[in-house]
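> Got a structure for you, written out below as structure tokens; questions coming shortly.
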Amino acid sequence: MGIVDDLVARGVPVLTDPESVIVARTDRSGVAPDGKPRGVVRAESVDDVVATLRAAHAHRVPVVPRGAGSGLAGGALAGAETLVLDVSGLNRILEIDPVDGIAVVEPGVITAELDRAAGEHGLRFAPDPASARISTVGGNIATNAGGMRCVRYGTTGQSVLGLDVVLADGTRVSTGRRTVKGVSGFDLTALLVGSEGALGVIVGATVQLLPRPEQTVTLAAGFDDVGAAARACSAVARRRANPALLELLDHATLTVVDRAQGSDHSERSRALVIAQTEGVAASEEAAIIGEVFGEEARWCETSTDDESAEDLVEARRLALPSIEEYGRALIEDICVPRSRLPEAFDAISEIGRQHGVDVFGFAHAGDGTIHPILSFDRNEPQVPAAVSAAADDIFGLAIDLGGTVSGEHGIGVLKRDWLAREIGPESLAVQRAIKDALDPRGILNPGKGI
């Protein structure tokens with residue numbers, strides 16, 4: 001009996017039609033895997049996940065967990081002989097406790113929907129990846145996704161208190177707790193966050209919710225060049241200001257946003273920085289940041305109006321969709337020390353020139369995460385060699401500056417070669433030993449992450 005027949009016998013819903021298989025084999029990385037998966041399990045319950053992994057373990061069939069497929073590093077690519085395990089149908093918000101400030105959710109809950117539901121209680125789910133409107137909470141946990149509010153609230157992992165996970169052999173394990181503090185035993189929750197489906201399949205999560213701020217102040221400043229903008233962002237850190245958001249967009253990005261959205265950002269400045277402060281000290285911190293911007297900015301505006309503030313933030317959210325409107329994009333996410341942001345932006349521009357590649361740069365400047373987007377003709381069947389070479393140089397730059405090759409997208413398949421160079425062979429061996437202990441037959445998302 002093959003894996004598909006076994007799953008059918010277990011009552012697990014599995015699809016093998018060409019359309020379902022083709023749709024489920026890719027993610028937003030733009031990379032096409034070799035071959036097609038054997039089938040797609042669209043789990044309707046945790047029992048379906050357990051049964052699928054038990055069958056896959058018995059048959060030694062590789063399983064690729066999948067949520068919304070919004071990942072950018074190739075973590076959900078499913079090639080020949082694999083089985084896709086789609087958990088996006090497990091999409092219930094099981095509980096919101098406004099007193100303890102927690103939510104209990106299934107992995108397929110859309111990130112923005114959880115935040116909206118929390119808002120009904122005066123709370124928020126702090127993680128806010130650019131894909132919040134389409135990405136799932138489970139996928140964000142699996143990649144430890146970031147976003148614009150990372151500078152103050154950290155990546156998704158900082159909001160995860162506990163997990164329900166199904167291991168490679170079908171064993172169901174609960175980790176963590178419902179309390180903010182807890183140091184009993186090894187921190188298995190932290191181990192599983194960011195593991196990209198290679199150690200277990202997330203079927204539930206207990207996450208922390210935070211009070212929505214009573215006051216928010218938004219600042220926007222235009223600069224004559226991206227170096228000046230980057231210096232201003234570094235200076236904000238030196239002044240010990242604590243913004244909830246600090247975003248930088250270079251002139252190439254502003255130009256393509258204007259072209260796609262009909263705005264005029266590129267006419268007003270060569271680089272744009274957007275900052276947001278919130279809470280009881282929002283006005284005081286905004287004043288400090290305004291002083292810093294004023295040292296080099298061409299202009300600086302401050303707003304406490306929610307609508308105009310959202311318009312500014314929306315310009316940042318539209319950066320990637322605007323770039324993708326005119327071509328394919330290789331989307332990267334290096335992170336460098338904040339003090340080296342100016343150096344990093346200058347070097348990335350030079351790398352683009354050396355390879356003849358269009359590079360659009362925007363950043364979560366508050367924590368040093370830079371998104372160098374390498375654009376190329378959408379008719380190209382594969383990523384051109386010059387684009388790959390430029391990306392390789394950018395990864396090397398990140399490590400040389402004391403940073404990392406991935407600040408928030410994960411490793412997937414696109415950055416595996418660079419992981420060993422960043423963390424070293426000894427650390428990589430430890431990680432592989434953990435993988436072998438939890439997945440001795442190597443069936444969980446093989447070839448991803450480590």
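> Only one residue in L341, L330 is farther than 17 Å from E247 by Cα, crowded, with 18+ Cβ neighbours inside 10 Å and touching a helix residue (DSSP H, G or I) at 6+ places or on another chain (Cβ under 6 Å), so which one is that? Lay out the reasoning, then the answer.
On the way: L341 fails: farther than 17 Å from E247 by Cα.
Just one listed residue meets the conditions, L330.
> Between residues in region 271-284 that are free of Cβ contacts under 8 Å to residues at least 24 places away in the same chain and residues that are in a strand (DSSP E or B), which pairs lie under 9 Å by C-beta distance while being six or more apart or on different chains?
Sorted first by the residue in region 271-284, then by its partner, the pairs are E284/T277.
> Out of all the residues in region 153-187, which are part of a helix (DSSP H, G or I) and at pLDDT below 95?
Residue satisfying the conditions is Y153 alone.
> Within region 246-282, track down each residue that is in a strand (DSSP E or B) and either more than 22 Å from the chain's Cα centre (by Cα) or outside the structural domain of E350 (by TED's automatic domain parsing) (or both).
A271, L272, T277, E278
> Which condition does F223 not pass, out of (1) without any contact (Cβ under 8 Å) to a residue 12 or more places away in the chain; (2) buried (at least 24 other Cβ atoms within 10 Å of the Cβ); (3) not charged (D, E, K, R), if it passes all the others?
Every condition holds for F223 apart from (1).
> Look through I411, I370, I399, I351 and report the one residue that is more than 30 Å from T218 (Cα to Cα), free of Cβ contacts under 8 Å to residues at least 40 places away in the same chain and not small (G, A, S).
Just a single option satisfies the conditions, and that option is I399.
> For V49, state whether it is crowded, with 17+ Cβ neighbours inside 10 Å, in contact (Cβ under 8 Å) with a residue 60 or more places away in the chain, assigned to a strand (DSSP E or B) and not polar (S, T, N, Q). Before the answer, list the steps.
On the way: crowded, with 17+ Cβ neighbours inside 10 Å: yes; in contact (Cβ under 8 Å) with a residue 60 or more places away in the chain: yes; assigned to a strand (DSSP E or B): no; not polar (S, T, N, Q): yes.
Spelling it out, it is not the case that V49 is crowded, with 17+ Cβ neighbours inside 10 Å, in contact (Cβ under 8 Å) with a residue 60 or more places away in the chain, assigned to a strand (DSSP E or B) and not polar (S, T, N, Q).
For every residue, the table says whether it meets (1) hydroxyl-bearing (S, T, Y); (2) over 26 Å from H409 (Cα atoms); (3) assigned by TED's automatic domain parsing to the domain that holds D34.
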| position | (1), (2), (3) |
| --- | --- |
| R60 | no, yes, yes |
| R66 | no, no, yes |
| G71 | no, no, yes |
| P98 | no, yes, no |
| I102 | no, no, no |
| V105 | no, no, no |
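> May I ask you to list the residues in region 354-401 that are crowded, with 24+ Cβ neighbours inside 10 Å and of a type in the set (S, T, N, Q)?
T369
> Considering only residues of region 168-187 that are in contact (Cβ under 8 Å) with a residue 24 or more places away in the chain and buried (at least 18 other Cβ atoms within 10 Å of the Cβ), which is nearest to G75 (Cα to Cα)?
If we take residues in region 168-187 being in contact (Cβ under 8 Å) with a residue 24 or more places away in the chain and buried (at least 18 other Cβ atoms within 10 Å of the Cβ), then A168 is nearest to G75 (Cα to Cα).
> What are the pairs with Cβ atoms under 8 angstrom where one residue, in region 7-25, is in the same structural domain as E81 (by TED's automatic domain parsing) and the other, located anywhere, is polar (S, T, N, Q) and surrounded by 12 or more Cβ atoms within 10 Å (Cβ to Cβ)? Sequence gap at least six, or different chains.
Every condition considered, the pairs that remain are L7/T52; V12/T52.
> If you don't mind, there's one more thing I want to ask. Just give me the residues in region 329-365 being within 24 Å of the chain's Cα centre (by Cα), of a type in the set (S, T, N, Q) and either closer than 14 Å to A389 by Cβ or not in a helix (DSSP H, G or I) (or both), in sequence order.
Hits for region 329-365: nothing passes.
> Also, I was wondering about something else. Any chance region 379-387 includes a residue that's assigned to a strand (DSSP E or B) and under 30 Å from A315 (Cα atoms)?
The answer is no; no qualifying residue exists.
> Suppose we filter A103, A112 for residues that are assigned to a helix (DSSP H, G or I) and either crowded, with 17+ Cβ neighbours inside 10 Å or among the hydrophobic types (A, V, I, L, M, F, W, C) (or both); which single one remains?
The conditions single out A112.
> Right, here's the next one. Is there a residue being modelled with pLDDT under 95, surrounded by fewer than 18 Cβ atoms within 10 Å (Cβ to Cβ), on the phi > 0 side of the Ramachandran plot and not in a strand (DSSP E or B) anywhere in region 208-220?
no
> Just to be sure before I move on: is L123 buried (at least 21 other Cβ atoms within 10 Å of the Cβ), under 24 Å from the mean Cα position of the chain (by Cα), at pLDDT 95 or above and of a type in the set (A, V, I, L, M) in the structure I sent?
Numbers: buried (at least 21 other Cβ atoms within 10 Å of the Cβ): yes; under 24 Å from the mean Cα position of the chain (by Cα): yes; at pLDDT 95 or above: yes; of a type in the set (A, V, I, L, M): yes.
Yes.
> Does D417 satisfy being outside the structural domain of N144 (by TED's automatic domain parsing) and either closer than 27 Å to L192 by Cα or assigned to a strand (DSSP E or B) (or both)?
yes
> Taking the options D86, D34, name whichever one is within 30 Å of I323 (Cα to Cα) and surrounded by 19 or more Cβ atoms within 10 Å (Cβ to Cβ).
Only one candidate qualifies: D86.
> Anything in region 1-31 that is surrounded by 13 or more Cβ atoms within 10 Å (Cβ to Cβ), acidic (D, E) and farther than 16 Å from H57 by Cα? List them, or say none.
D27
> Looking only at residues that are of a type in the set (G, A, S) and assigned to a loop (DSSP other than H, G, I, E, B) in region 188-197, which one is surrounded by the fewest Cβ atoms within 10 Å (Cβ to Cβ)? Steps first, please.
Of the residues in region 188-197, the ones of a type in the set (G, A, S) are 190, 194-195, 197.
In the following step, the residues that additionally are assigned to a loop (DSSP other than H, G, I, E, B) were identified as 194-195, 197.
On the way: G194: 22, S195: 26, G197: 27.
Here the residue is G194.
> Tell me, please, whether a residue that is in contact with an Asp or Glu (Cβ under 7 Å, 6 or more places away or on another chain), closer than 22 Å to A130 by Cβ and buried (at least 20 other Cβ atoms within 10 Å of the Cβ) can be found in region 299-316.
Within region 299-316, one or more residues are in contact with an Asp or Glu (Cβ under 7 Å, 6 or more places away or on another chain), closer than 22 Å to A130 by Cβ and buried (at least 20 other Cβ atoms within 10 Å of the Cβ).
The values are calculated or read from the model by the stated rules, or taken from the named source; none is laboratory data. Note that the coordinates shown come from a computational prediction; the quantities given were computed from them, not determined experimentally. Reconstructed Cβ throughout: ideal geometry from the backbone, glycine too, with neighbour counts over all protein chains shown.
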